[in-house]
Amino acid sequence: MIYTLTLNPAVDYIVRISDFELGRLHRSESDLKYPGGKGINVSWVLNRLGQDNVAFGFLGGFTGRFIEDSLAAEDIRADFVPIDGDTRLNIKLKTFEETEINGQSPQISAAHMEALKQKLELLQEGDILVLAGSIPETVSSGTYHDIVHTLTAKGIRCCVDTNGDALHEALRAQPFFIKPNHHELAELYNVPIVSLEQAAFYGKKLQTDYDVSHVLVSMASRGALYIHEEQVVHIESPHGKLVNSVGAGDSTVAGFLAKYEKTNDPQKAAIYAVAAGSASAFSEGFCTKADVDHYSSIMHSERINI
Ligand SMILES: Nc1ncnc2c1ncn2[C@@H]1O[C@H](COP(=O)(O)OP(=O)(O)OP(=O)(O)O)[C@@H](O)[C@H]1O
Ligand SMILES: O=P(O)(O)OC[C@@]1(O)O[C@H](CO)[C@@H](O)[C@@H]1O
């Protein structure tokens, strides 16, 4: 079974204003509310791709109820720890470019963390847990590390998609799969990464430095680099019009896991991952399975020597 963990969910409030100017009153041309947070997005896309899964995390208040109802309406299984505060609201402002304002997390107490740990104890050998997104301010940045360390010892495959200290610490627990984008990879090694060759070099270094089985470095419109065993492969993204990049990276994670669970073929999974990321980037909400199947059937990948 695949499980996702979102310690810091959000309602994503997506607002479009074409002639935005600071300091003026605007009326939005369209606004949409989506249940968000990286792990929840992974659950949503897994479900779209026909992959059963369960979403874990913390939810509270009116925003938390919105997320719970939205997941239930899509038949996505959820088992969240209830908290007292409101789950955050994240503003995604679409003007001539995209600007994001992610809200403050609610308080998470030691009792809430304990309740979550009890749920995670039920996972079994062979299960997959996706730990995705930021860690709330009141929770230790070493939390992903501790969960990955404990669950990996029980034969549970942990996939991590986060950044900063949380990513750095989680890597020390040897996750099964990670998906940094090239900015997060650059931050990890404190170097600029502009070219594909630089991303390939540092992606390979990351895999060997931390002994991670599967590394997918996403590079937005340039697709992704997949690093596994001795191989580095570049998967080009299909062509299309960018509509909404929020959640494209999460779709990539879901695409990889959905295909990997079905075929056990990591190369096919990596292509499917990029197809899912791009299909979501080309849609208002998330990708459909039909689009992902179509794109993955026409895409190219190429080995890179470093
Ligand atoms: N402009 C684009 N054109 C085509 N594909 C795209 C574009 N932007 C994103 N993608 C697809 O989405 C995947 C993930 O994108 P990106 O590298 O931006 O991840 P991310 O930074 O984690 O995304 P986010 O945080 O917005 O969810 C890419 O590998 C690619 O497949
Ligand atoms: O603040 P975090 O947890 O790093 O990111 C949260 C977030 O920006 O990531 C998702 C897209 O990947 C959105 O649904 C959500 O608003």
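The values are calculated or read from the model by the stated rules, or taken from the named source; none is laboratory data. Keep in mind that what you see is a predicted model, and the values were worked out from it rather than measured. Counting neighbours? That spans all protein chains shown, and the Cβs are built from the backbone with ideal geometry, glycine included. Ligands, DNA and RNA are excluded from the accessible area calculation, which covers all protein heavy atoms including side chains. Shrake-Rupley method; radii C 1.70, N 1.55, O 1.52, S 1.80 Å.
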Kindly provide the set of residues from region 237-265 that are assigned to a loop (DSSP other than H, G, I, E, B), within 9 Å of ligand 1 (Cβ to nearest atom) and either open to solvent by 50 Å² or more (accessible area, probe 1.4 Å) or at pLDDT 95 or above (or both), ordered by number.
-> S237, P238, H239, G240, K241, L242, G247
Options I178, I101, I193; residue that is closer than 30 Å to L22 by Cβ, within 16 Å of ligand 1 (Cβ to nearest atom) and either at pLDDT 95 or above or of a type outside the set (V, I, T) (or both) = I101
Select, from A258, A273, A279, the only residue that is touching a Cys at 6+ places or on another chain (Cβ under 7 Å) and on the phi < 0 side of the Ramachandran plot.
-> A279
Just need a number here: residues in region 141-158 that are out of contact with any strand residue (DSSP E or B) (no Cβ under 6 Å at 6 or more places or on another chain), surrounded by 14 or more Cβ atoms within 10 Å (Cβ to Cβ) and not β-branched (V, I, T).
-> 5
Taking region 267-300 and keeping only residues that are under 16 Å from H228 (Cα atoms), of a type outside the set (D, E, K, R) and touching a helix residue (DSSP H, G or I) at 6+ places or on another chain (Cβ under 6 Å), one is left with A269, I271, Y272, A273
Check S218, S251, S245 and return the single one that is within 15 Å of ligand 2 (Cβ to nearest atom) and in contact with a Pro (Cβ under 8 Å, 6 or more places away or on another chain).
-> S218
Confirm whether K38 is of a type in the set (D, E, K, R) and either surrounded by 23 or more Cβ atoms within 10 Å (Cβ to Cβ) or within 16 Å of ligand 1 (Cβ to nearest atom) (or both).
-> yes
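Looking at S280, S296, which is the one that is of a type in the set (S, T, N, Q), out of contact with any strand residue (DSSP E or B) (no Cβ under 7 Å at 6 or more places or on another chain) and either under 15 Å from S218 (Cα atoms) or surrounded by fewer than 19 Cβ atoms within 10 Å (Cβ to Cβ) (or both)?
None of the others qualify; the one that does is S280.
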The one condition G285 fails out of (1) more than 9 Å from ligand 1 (Cβ to nearest atom); (2) under 24 Å from E74 (Cα atoms); (3) open to solvent by less than 60 Å² (accessible area, probe 1.4 Å); (4) modelled with pLDDT of 95 or more is (4)
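Results for (1) outside any loop (DSSP other than H, G, I, E, B); (2) open to solvent by less than 30 Å² (accessible area, probe 1.4 Å); (3) closer than 30 Å to K262 by Cβ; (4) more than 16 Å from ligand 1 (Cβ to nearest atom), shown as yes or no for each residue.
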residue	(1), (2), (3), (4)
E68	yes, no, yes, yes
L71	yes, yes, yes, yes
D75	no, no, yes, yes
D84	no, no, no, yes
F96	no, no, no, no
I108	no, yes, no, yes
L116	yes, yes, yes, yes
P136	no, yes, no, yes
